[in-house]
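Enquirer: Following this message is one structure expressed as structure tokens.
The values are calculated or read from the model by the stated rules, or taken from the named source; none is laboratory data. Computed from a predicted structure; not experimentally measured. Here the Cβ positions follow ideal geometry from the backbone for every residue, glycine too, while neighbour counts run over all protein chains shown.
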Amino acid sequence: MISLPVSHKWPFRGLVLSLFLPSLSVAETEYKLVENVRVVGMSPMGVGSLTELSPFQVQIFSAEDIDKDKAYSVAEFLNQHGGGISVNDAQNNPLQPDIRFRGYAASPLLGSSQGLVVYYNGVRVNELFGDTVNWDLLPASSVQEMALIAGVNPIFGQNALGGAIVIKSKTGFSSSQGAIEVSAGSFGQRAISVSKGVHGENWGGFLALEKYEEDGWRDYSPTEARNLYASLSRHDDSSELDVFFNFSDTYLKGNGAIPVGLLETDREAVFTHPDLTENQMSMTSIVYSRWLSDELKLSVNGFYRQVDTRSFNGDGTEFEDCDAPNDDFLCEDDSDELARDQFDNAVSGEFDAVNNISRRQQRSWGASAQIYWHLDVGSVNHHITLGADYLAGITDFDSQVEFASLTDVRSTTRSGLYDAEGFTSLRASTDLAALYFSDTVELSDRLSLTAIMRYNVVDVGAKDLSGERPELTAKHSYKSLNGGLGARWVLTDALSVYAGVYQSSRAPTPVELACSHPDAPCILPNTFLADPPLKDVVARSVEWGLRGESASYRAVLAWNMALFATVNQDDIHFQTVGGVSSNEGFFTNIGDTRHQGIEVSGSLTSGKWLLDISYTYLDAYYETSFISFSPNHPNSVDGALAVEKGSKIPSIPEHSAKLSLGYQWTESVNSNIAINTSSGAYLRGDEANQDNKTGSYIVVNANLEYKLANNIALSIQAKNIFDEEYERFGLYGEPDEVIEDLENESPRFLSPAAPRSLALGIKYSW
């Protein structure tokens, strides 16, 4: 019988033990019909189990880990406990973090160099328009298990350049507990979640509802998120049928970076506002699996997903006052051309701001089929996976630029007058089809090889819907054959070594293709023009590692070390061309980049104590010299910087470390202290590394839980206990265009991290 248990007595134990112990899996599903088969390997459908045979690093987290941490989002949990994970607070909203792993991003923001892929019940949830990941649409209460798979892995398809995150959600069979949890804390934080699972012999169901809201610790920065998750299942001895439904409705204000001159006087202030994102999502997916024989398993899934995103950003204007005799009107930047509204009237010079307004309606659908085959050829065991994916989607994108005025508190007014040249109405389409294959071969008890291959076909198209810009209509096609070869060798019962070489790729997204000309920059996520095609990004990686485990009657020690180097050919970056908001620019292939480093982690369990520790050194730099556009940089010449080979990639810290110390005081009381530390990083726009980095920081968080009874527990969560003032993201802008009386007129803009906060919670379970 398949039984690959993971211990979750404490938070992080599932993470660390999964790295090093040989019997761990993503799923604990038992198939009564099959007595002797081990399901080996991982795929986008998440059907397989990760075992000691894996020639790459894997971190596994359970529902219990997330619950004990009291994380209100998947991204927050990964930031706190994922080894090698770092965060850029570009938007400065708790539900819109810029998650990075090995320097690659899974970000909700267009303009980030995406390089991580996220699967939820086998569904790729990177939005097709820009490969973005909306973390606010992934409810933490629905997660049964989550795997963070490191490095380039071609089996996961597009965007798996730095790694993959595979999430499996709850069913009535995996989670039958009921729970009501309520919490409240600093800055108006309020949260409630209700969940319950039920199952009979063959039928099961699970329902979770959660709501999170806060006023925000910064001015004018409230957040509200509502999520509903439900599953209906039918399981028998040989098959499983699961139907999943998700609905989310979020209201997110993230007012981003502010000039350092303003930061020095008021960390709670915002530069301009509002900066509003509203997301509404619904998704239905079906997963069916069946053992056709003792050695053969079939799995299929299908889904439909719809995401409606509205954004409203109040910013300083890029328009200038005209010279005489038209000095009462606005002109296009650096020209004598009068700005005109939708009625072809010249625009008054009283407007000193703009509202960038956009809407994205994204619809996607797809299906996958996969066969797992356990084949014995003499003394050699094969674990073969054959699969096919199809994913398609359409995005209707509309944007406009409204003329506005700044108020005394730097918010913007509404005028009803729109830039005649700032309208965009575009339909983008994406089709992805793939065939993949993997084979893990057990040559002996101590030696195994894993071969992976995937063939991708990606078609990206755009069509002008306004009738005014037929040049936007275009179609691009990309084909790629990627593969990898890895090996695992058991040196002793307590020590094994693994190594591999891999290649993966990602095709340019519609937003990148529509905004790629230096002479026609875009204001993300708004105005697009016809642009030249971009090359797809190809990542090639080499990885080598050691992992081991030893135990005595008093303690268990487990550890892992990995060395890796990944080269991105024709990497795509967003080049800023300046402006007040610093989000105007274009996408371009800048040449090759390299991400290399070392990851070390370990766990020590002894009696009532549990210690987890991880450290990452990451050297991410440009392998190709190029000219970077950064007109607001203090050292720029004619708006540009010469970037030399070897310059560090901005927004990526070299050093990061995490430590967690847990102690079980009594059967009713347990506690955990977590320390996160990171070195600084260069600001976006400082690709030439000529300015100062953001500062390094050490942040201490703590949790305490007290069980009043078997079914009632109180919790206290403290974040940033020592009230560390630090920043995790920066870029360049023009502060004097909005604030004229700043003593420090530096063009550096930084995003302040949250101060000390406290939250109290109570949970009733049955």
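Enquirer: Please note which strands (runs of 3 or more DSSP E) are completely contained in the stretch 714-766 and include at least 3 residues that are of a type in the set (A, V, I, L, M) and at pLDDT 95 or above.
Expert: 757-765
To keep it simple, each residue is scored yes or no on (1) modelled with pLDDT of 90 or more; (2) buried (at least 23 other Cβ atoms within 10 Å of the Cβ); (3) among the aromatic types (Phe, Trp, Tyr); (4) within 26 Å of ILE258 (Cα to Cα).
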site	(1), (2), (3), (4)
GLU543	yes, yes, no, no
TYR553	no, no, yes, no
TRP559	yes, no, yes, no
LEU563	yes, no, no, no
ASN568	yes, yes, no, no
GLN575	no, no, no, yes
SER581	no, yes, no, yes
GLY591	yes, no, no, no
ARG594	yes, no, no, no
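Enquirer: On to the next question. In this structure, does ASP315 turn out to be surrounded by 22 or more Cβ atoms within 10 Å (Cβ to Cβ), closer than 25 Å to SER411 by Cβ and charged (D, E, K, R)?
Expert: When the stated conditions are applied, ASP315 passes them.
Enquirer: Turning to a different aspect of this structure: Quick one: would you say ASP493 is surrounded by fewer than 16 Cβ atoms within 10 Å (Cβ to Cβ), under 30 Å from SER552 (Cβ atoms) and touching a residue at least 24 places away in the same chain (Cβ under 8 Å)?
Expert: For ASP493, the condition - surrounded by fewer than 16 Cβ atoms within 10 Å (Cβ to Cβ), under 30 Å from SER552 (Cβ atoms) and touching a residue at least 24 places away in the same chain (Cβ under 8 Å) - is not met.
Enquirer: Further, regarding this structure: Any idea which of LEU641, LEU610 is farther than 30 Å from SER552 by Cβ, at pLDDT below 95, not in a loop (DSSP other than H, G, I, E, B) and not small (Gly, Ala, Ser)?
Expert: LEU641
Enquirer: So, of the residues in the stretch 653-696 that are part of a loop (DSSP other than H, G, I, E, B), over 22 Å from the mean Cα position of the chain (by Cα) and hydroxyl-bearing (Ser, Thr, Tyr), which turns out to be surrounded by the fewest Cβ atoms within 10 Å (Cβ to Cβ)?
Expert: THR666
Enquirer: I need a count of the residues in the stretch 81-105 that are under 18 Å from ASN676 (Cα atoms) and among the hydroxyl-bearing types (Ser, Thr, Tyr).
Expert: 1
Enquirer: What number of residues within the stretch 244-266 are crowded, with 17+ Cβ neighbours inside 10 Å, among the hydroxyl-bearing types (Ser, Thr, Tyr) and over 24 Å from THR223 (Cβ atoms)?
Expert: Number of matching residues: 0.
Every residue, every condition in (1) within 30 Å of ASP219 (Cβ to Cβ); (2) surrounded by 21 or more Cβ atoms within 10 Å (Cβ to Cβ); (3) touching a strand residue (DSSP E or B) at 6+ places or on another chain (Cβ under 9 Å); (4) charged (D, E, K, R), yes or no:
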residue: GLU268; (1), (2), (3), (4): yes, no, yes, yes
residue: THR272; (1), (2), (3), (4): yes, yes, yes, no
residue: GLY302; (1), (2), (3), (4): no, no, yes, no
residue: THR309; (1), (2), (3), (4): yes, yes, yes, no
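Enquirer: Also, quick follow-up: Which of the strands (runs of 3 or more DSSP E) contained wholly in the stretch 130-218 include at least 1 residues that are among the hydrophobic types (A, V, I, L, M, F, W, C) and surrounded by 22 or more Cβ atoms within 10 Å (Cβ to Cβ)?
Expert: 143-150, 163-169, 203-214
Enquirer: Any idea which of PRO259, PRO222 is under 23 Å from the mean Cα position of the chain (by Cα) and farther than 30 Å from MET45 by Cβ?
Expert: When all the criteria are applied, what remains is PRO222.
Enquirer: Let me ask another. So if I check each of ASP315, ASP327, ASP376, which one is over 30 Å from ILE286 (Cβ atoms), part of a strand (DSSP E or B) and in contact with a Gly (Cβ under 9 Å, 6 or more places away or on another chain)?
Expert: The unique qualifying residue is ASP315.
Enquirer: Residue under question is THR527, and the condition is that it be modelled with pLDDT of 90 or more, more than 30 Å from LEU435 (Cβ to Cβ) and hydroxyl-bearing (Ser, Thr, Tyr); does it hold?
Expert: no
Enquirer: Would you tally the residues in the stretch 718-745 being surrounded by 18 or more Cβ atoms within 10 Å (Cβ to Cβ) and of a type in the set (S, T, N, Q)?
Expert: Result for the stretch 718-745: 1.
Enquirer: Moving to a separate point now. Does ALA75 fit the bill of being in contact with a helix residue (DSSP H, G or I) (Cβ under 6 Å, 6 or more places away or on another chain), at pLDDT 90 or above, within 27 Å of SER221 (Cα to Cα) and not β-branched (Val, Ile, Thr)?
Expert: Yes; evaluated as a whole, the condition is true for this residue.
Enquirer: Take the residues in the stretch 262-279 that are within 25 Å of the chain's Cα centre (by Cα) and not in a strand (DSSP E or B); name whichever of them is farthest from THR171 (Cα to Cα).
Expert: VAL270
Enquirer: Now for a different question. Against the definition (at pLDDT 95 or above, within 28 Å of the chain's Cα centre (by Cα), buried (at least 23 other Cβ atoms within 10 Å of the Cβ) and not small (Gly, Ala, Ser)), how does TYR436 come out, yes or no?
Expert: It is true that TYR436 is at pLDDT 95 or above, within 28 Å of the chain's Cα centre (by Cα), buried (at least 23 other Cβ atoms within 10 Å of the Cβ) and not small (Gly, Ala, Ser).
Enquirer: Moving on. State all residues of the stretch 146-178 that are of a type outside the set (Val, Ile, Thr), in contact (Cβ under 8 Å) with a residue 40 or more places away in the chain and within 18 Å of LEU232 (Cα to Cα); if no residue qualifies, say none.
Expert: Residues satisfying the conditions are LYS168, SER169, LYS170, GLY172, PHE173, SER174, SER175, GLN177, GLY178.
Enquirer: Within the stretch 68-88, how many residues turn out to be within 23 Å of GLU213 (Cα to Cα) and either within 12 Å of the chain's Cα centre (by Cα) or surrounded by fewer than 23 Cβ atoms within 10 Å (Cβ to Cβ) (or both)?
Expert: 14
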